[in-house]
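The values are calculated or read from the model by the stated rules, or taken from the named source; none is laboratory data. All figures in this text were calculated on a predicted structure; none of them were measured in a lab. Here the Cβ positions follow ideal geometry from the backbone for every residue, glycine too, while neighbour counts run over all protein chains shown. Side chains are part of the model used for accessible areas, which takes the heavy atoms of the whole protein and leaves out ligands, DNA and RNA. Shrake-Rupley method; radii C 1.70, N 1.55, O 1.52, S 1.80 Å.
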Amino acid sequence: MTRDLIFIGPLPPPVHGQAIATRTVQEQLLTAGLQIETLNLGVESRGSTAALMVRRGWAQLRAIIACITGRQPSVYISVGANRGMYLTALMALAARATGKTVVLHHHTYAHIGQEVPRMKILLALAGKAAWHITICPAMSAQLKKVYPQVLKTLEFSNIGSVDTDLLTLAREDRTEVTLGFMSNLTAEKGVHHAIAAFREALAAGHAQRLVLAGPCNDEASRQAVEAALEEMGDRLVYLGPVYGHEKVSFFEMIDIFLFPSTYANETQGIVNLEALAAGLPIVAFGLCCIPSDLDVDSCIVVDPHEGPAGFADATRRMAGQLGQQSRHALAQASRAQFGRLQSRHAAERSALYDLLAGVRPEGRTSSAD
């Protein structure tokens, strides 16, 4: 059977933003009828360190071999972060050397916000004919600004990863205000900032409860959550990791979603899109694609330079306003923004499908061009 392309990237488990987004792209391509050969770089963290390294090395070697020997005309590669970008560069070189169209999907921002040597190596080995998929027009514009040798870009939002059951959640007016934060709970993702913002909103009488969801991925975050539970008692609820219906229940429990991430690789935050679909107001730091995604009156985007104090102030203001506004009206505004992002994504999907199926979307390149 003839296949259209080689598809390389991490798939869950483990569960993280890039793996979820990569799985969504894979599923959408299969639904569109493309024939793909998938090389999964995701390796579950189980067993000994040596066994993990062997599994990871074998997955990477298979991907490089496929780029060399595969007869497919195109190779899609979910770009690795940090040191993983060197591996991406080797795959891109192998694909380019055998005459394949190279399509690189960027899911992280650290190498786009500023020039880094590993990205320069990737671009040199991939060549100027490579296509670069980003998540939003702002990300494409920044990529081209930092790396003028990037000539071909398309955008592809992560909105396809959102469970549309969230659109059916009812948002009812109630007297108490519950804040919520869901992510891998680390310092970079902002768990300390979420707790601090709630503490101030609670002291001001504007919020009564904070719900945290997600795994504590380091000891410092685990200690921060445990200390906050001891301090706040039943004012703080920690759910741990949530998936499927449990995730929907989390969004049903809360009235304002917080996203105080300062993570260097942050691009969009799929959880922000989920919160929009759930009809929630959002307070978030304005990294990468987040300002354009949350450009609606029901959300507050905080300049990262304002730091934790600025985020806490915005959270307190949003919580205070919520007591005076209809949750139904805010839900309508957030969901209308979600609908606009969905409509834009339909065109993005069409352009990406054409590219990967061998139809060059020369006239449909990035809006940032």
## Note on the structure
Flagged in the stretch 231-280 as open to solvent by 40 Å² or more (accessible area, probe 1.4 Å), closer than 16 Å to Glu172 by Cα and among the small types (Gly, Ala, Ser), in numbering order, are Ser249
### Message
free of Cβ contacts under 8 Å to residues at least 12 places away in the same chain, of a type in the set (A, V, I, L, M) and either more than 30 Å from Ser183 (Cα to Cα) or in a strand (DSSP E or B) (or both): is that true of Leu90 in this structure?
### Response
no
### Task
Would you check if there is a residue in the stretch 72-82 being modelled with pLDDT under 95 and open to solvent by 50 Å² or more (accessible area, probe 1.4 Å)?
yes
### Message
Given the condition closer than 19 Å to Leu87 by Cβ, in contact with a His (Cβ under 9 Å, 6 or more places away or on another chain) and of a type outside the set (Phe, Trp, Tyr), answer yes or no: does some residue in the stretch 4-14 qualify?
### Response
yes
### Message
Show me the helices (runs of 4 or more DSSP H) entirely contained within the stretch 104-221 in which 2 or more residues are over 30 Å from Asp354 (Cβ atoms) and touching a Leu at 6+ places or on another chain (Cβ under 8 Å).
### Response
191-203
#### Entry: Which numbered condition Phe156 misses (of (1) at pLDDT below 95; (2) within 30 Å of Ala129 (Cβ to Cβ))
(1)
#### Entry: Qualifying position, being without any contact (Cβ under 8 Å) to a residue 40 or more places away in the chain and either within 19 Å of Arg316 (Cα to Cα) or β-branched (Val, Ile, Thr) (or both), among Ile282, Ile290, Ile256
Ile290
### Query
List, please: which pairs have Cβ atoms under 6 Å, are six or more places apart or on different chains, and start with a residue in the stretch 164-185 that is of a type in the set (S, T, N, Q) and end with one that is outside any loop (DSSP other than H, G, I, E, B) and surrounded by 16 or more Cβ atoms within 10 Å (Cβ to Cβ)?
Thr178/Arg209
### Task
Could you list all residues from the stretch 14-48 that are open to solvent by less than 60 Å² (accessible area, probe 1.4 Å), under 23 Å from Ile64 (Cβ atoms) and assigned to a loop (DSSP other than H, G, I, E, B)?
Pro14, Leu34, Leu41, Gly42, Val43
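Taking only the stretch 86-110 into account, find how many residues are touching a Lys or Arg at 6+ places or on another chain (Cβ under 7 Å) and buried (at least 22 other Cβ atoms within 10 Å of the Cβ). Break it down stepwise before answering.
Pass one, the stretch 86-110, residues touching a Lys or Arg at 6+ places or on another chain (Cβ under 7 Å): 86, 102.
Keeping just the survivors that are buried (at least 22 other Cβ atoms within 10 Å of the Cβ) gives 102.
Of the residues in the stretch 86-110, 1 are touching a Lys or Arg at 6+ places or on another chain (Cβ under 7 Å) and buried (at least 22 other Cβ atoms within 10 Å of the Cβ).
Counting only residues that are farther than 13 Å from Leu210 by Cβ and of a type in the set (Asp, Glu), how many does the stretch 221-253 have? It would help to see each step written out before you state the result.
Our first condition is that a residue be farther than 13 Å from Leu210 by Cβ; within the stretch 221-253, this holds for 221-223, 226-227, 230, 240-249, 251-252.
Pick out the ones that are also of a type in the set (Asp, Glu) and you get 226, 230, 246, 252.
Selection size over the stretch 221-253: 4.
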